[in-house]
1. Express in nm, to one decimal, how much length is gained between residue 112 and residue 144 on full extension, taking 0.36 nm for each residue of separation and deducting their alpha carbon distance.
2. With an 8 Å Cα cut-off and a minimum separation of 6 or more residues, compute the relative contact order for segment 16-152 in percent.
3. To one decimal place, what orientation-averaged projected area in nm² is obtained for the convex hull of the Cα set of segment 16-152?
4. To make sure I understand, if each residue's beta carbon is the centre and we count other beta carbons within 10 Å, what order do 138, 82, 55 fall in, fewest to most?
Ligand SMILES: [Zn+2]
């Protein structure tokens with residue numbers, strides 16, 4: 001997509017994001033992380049949807065990013081997670097089915113998740129940074145998130 005189109009977008013105020021604490025707009029501060037929608041590196045200064053485990057009872061917060069212009073691609077990955085090809089499943093996909101790790105809560109409904117159950121994982125699969133980051137949501141919650149993304153996509157008012 002056009003590399004510059006989101007560079008001049010300001011961080012919007014009072015958006016529906018704030019009804020879900022794990023989701024907010026943020027400006028990408030580096031290019032060391034990948035977009036969950038495209039799998040490619042973020043562009044510094046770009047408006048993004050940032051997803052975090054702010055609701056989890058963990059010391060280290062995890063942040064994952066979706067470029068504003070790639071939110072529909074992220075949504076497609078969510079809706080197609082059950083059709084992910086085996087190779088993608090293991091290697092490259094930023095949205096995949098995975099066993100839930102200890103102490104995780106769903107980024108959508110904020111409820112704690114059962115360790116070991118197979119749910120939807122959001123992964124910074126191709127990042128150049130060494131540490132892989134994962135956030136989880138219930139498989140049963142992914143369609144609600146996908147619906148919400150359509151509303152959240154409305155152009156932010158500055
Ligand atoms: Zn959930």
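Bear in mind these aren't lab numbers, they're just calculated from the coordinates by the rules spelled out. Given the structure is predicted, the values throughout are model-derived calculations rather than measurements. Positions of Cβ are backbone-derived with ideal geometry, glycine not excepted, and every protein chain shown enters the neighbour counts.
1. 9.8 nm
2. Numbers: 294 pairs, mean separation 32.4, N = 137.
It rounds to 24 percent for segment 16-152.
3. Working: hull surface 30.1 nm².
The Cα convex hull of segment 16-152, projected and averaged over all directions, gives 7.5 nm².
4. Ascending Cβ contact count within 10 Å gives the list 82, 55, 138.
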